[in-house]
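Let me begin by presenting the structure, written as structure tokens, before commenting on it.
The values are calculated or read from the model by the stated rules, or taken from the named source; none is laboratory data. Remember, predicted model here, so these are calculated numbers, not experimental data. Cβ atoms come from the backbone with ideal geometry, glycine included; neighbour counts cover every protein chain shown.
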Amino acid sequence: MKIQQNISLKPYNTFGIQANAKRFVSVNSVKELKEILASEKAIFLLGGGSNILLTKDVEKLVIHLNTKGIIVNDLGAEEVLVTAEAGENWHELVLWCVSQNYGGLENLALIPGNVGTSPIQNIGAYGVEIKDVFQQLEAINIETGKTKIFTNADCDFEYRNSVFKNGLKGKYIIINVTFQLTKKNHNINISYGAIKDLLSDKENPSIKEIADAVIAIRQSKLPDPKKIGNSGSFFKNPVVTSDLFIELAKKYPEIPHYIISEEEIKIPAGWLIEQCGFKGKRFGDAGVHEKQALVLVNYNNASGKEIYDLAQKIQQKVLETFKISLEIEVNII
Ligand code: EPU
């Protein structure tokens, strides 16, 4: 294990932003991670780099968690527990589970990032969030070096949120995550409109067919970070009061929405941003994706600050137009 000096983080963040790590170390085992933590407390943990926007160089020691491994614990005819190390690539884990015909993660295909960061924002897509199949995770307390198990309830999962973004932010490093998956085609979720449409001719779609549908939908509207830098949805979908919603619906009868409760309505941020005229707009190398306005993109050499400035411009315009504050989902560094 070698600590390197002044390493470019461009290949380590899916936005493809240039920023340097003053010191950088790649760790391949939990043992190595514990060794580092014994002497270093001011650390910056880097997983798949899919949910960060780097606006400056990182002064703390950057630890790139590169631990690999998948363990299966068979629970009989119906279910199986799959434990993956934090450094496993998320999409590769999903594909592996699909290849074994283990159901539960297929709706989450092609989400960029690694296993270890997936619980932090409770990643979700097409009607499924990881909390639906999450069994437990193991994490190391940075301060004490001790390992702790977190159950589903311990994680306080909510829409794009968990205890690791709140009370325990920066306190733990997730080292592995266990999912409870099904060996039968039950509990599959094809409620999401676009998936239902793609699978309309299939009576009982297989796990692989659902994964293929999700991959096709994502590829049709979300940019591939290997080609255009991005971090997926840049903002959360806002939840507004029913009073504000009624007021907006008078002016915009076509406003898409999901009813959460009698008082709360969720509105797709992508629609709000598109209405404000930003969809497909480019400002230098920073832009708003042409097919999904919720995704900000780096066409080539945008700085983190340029992307952040664009995000603030969007927030301001959406606030003026709709009286809605958009919350940024990505971690701004
Ligand atoms: N819409 C527009 N214009 C746009 C984008 C969206 O009008 O440019 C409207 C459309 O009416 C559409 C609705 O928004 O019907 C919803 O769009 P979409 O199905 O693309 O989903 P989303 O709400 O924009 C969320 C997640 C995505 C996830 C999809 C599918 C958040 C912040 N984003 O997006 O997650 O893939 O649902 O489940 O909740 C991510 O987090 O990185 C991500 C991509």
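Counting the residues of the stretch 126-150 that are assigned to a loop (DSSP other than H, G, I, E, B), under 30 Å from ASP212 (Cα atoms) and either among the acidic types (Asp, Glu) or touching a Leu at 6+ places or on another chain (Cβ under 9 Å) (or both) gives 2. Restricting attention to the stretch 283-300, the residues that are within 16 Å of the ligand (Cβ to nearest atom) and touching a helix residue (DSSP H, G or I) at 6+ places or on another chain (Cβ under 7 Å) total 7.
Only one entry of GLN315, GLN275 meets the criterion of being under 21 Å from the mean Cα position of the chain (by Cα), crowded, with 16+ Cβ neighbours inside 10 Å and among the polar types (S, T, N, Q), and that entry is GLN315. Counted as qualifying within the stretch 1-101 are the strands (runs of 3 or more DSSP E) with 2 or more residues that are of a type in the set (A, V, I, L, M, F, W, C) and surrounded by fewer than 16 Cβ atoms within 10 Å (Cβ to Cβ), namely 70-74. The set of residues in the stretch 151-187 that are in a loop (DSSP other than H, G, I, E, B), closer than 24 Å to ILE71 by Cβ and hydrophobic (A, V, I, L, M, F, W, C) contains only PHE157. Residue pairs whose Cβ atoms lie under 6 Å apart, sitting 6 or more positions apart in sequence or on different chains, and linking a residue in the stretch 123-149 that is at positive phi and in the same structural domain as GLY103 (by TED's automatic domain parsing) to a partner that is part of a loop (DSSP other than H, G, I, E, B) and surrounded by fewer than 20 Cβ atoms within 10 Å (Cβ to Cβ), are TYR126/TYR192; GLY127/ASN189; GLY127/SER191; GLY127/TYR192.
Quick check, is LYS184 charged (D, E, K, R) and under 19 Å from the mean Cα position of the chain (by Cα)? In short, no.
Here GLY232, GLY270, GLY280 are screened, and the one residue that is within 16 Å of the ligand (Cβ to nearest atom), under 30 Å from GLN100 (Cα atoms) and either not hydroxyl-bearing (Ser, Thr, Tyr) or not assigned by TED's automatic domain parsing to the domain that holds GLY48 (or both) is GLY232.
For LYS169, the criteria (1) exposed (fewer than 14 other Cβ atoms within 10 Å of the Cβ); (2) in contact (Cβ under 8 Å) with a residue 40 or more places away in the chain hold in every case but one, which is (2). For the stretch 215-229, filtering for residues that are closer than 18 Å to GLU129 by Cα and either among the acidic types (Asp, Glu) or more than 9 Å from the ligand (Cβ to nearest atom) (or both) leaves 1. If you filter the stretch 187-208 down to residues that are under 20 Å from TRP96 (Cβ atoms) and surrounded by fewer than 19 Cβ atoms within 10 Å (Cβ to Cβ), you find that the one that is nearest to the ligand (Cβ to nearest atom) is ASN189. Please work out if ILE215 is in the same structural domain as VAL128 (by TED's automatic domain parsing), assigned to a helix (DSSP H, G or I) and modelled with pLDDT of 95 or more. So ILE215 passes the test.
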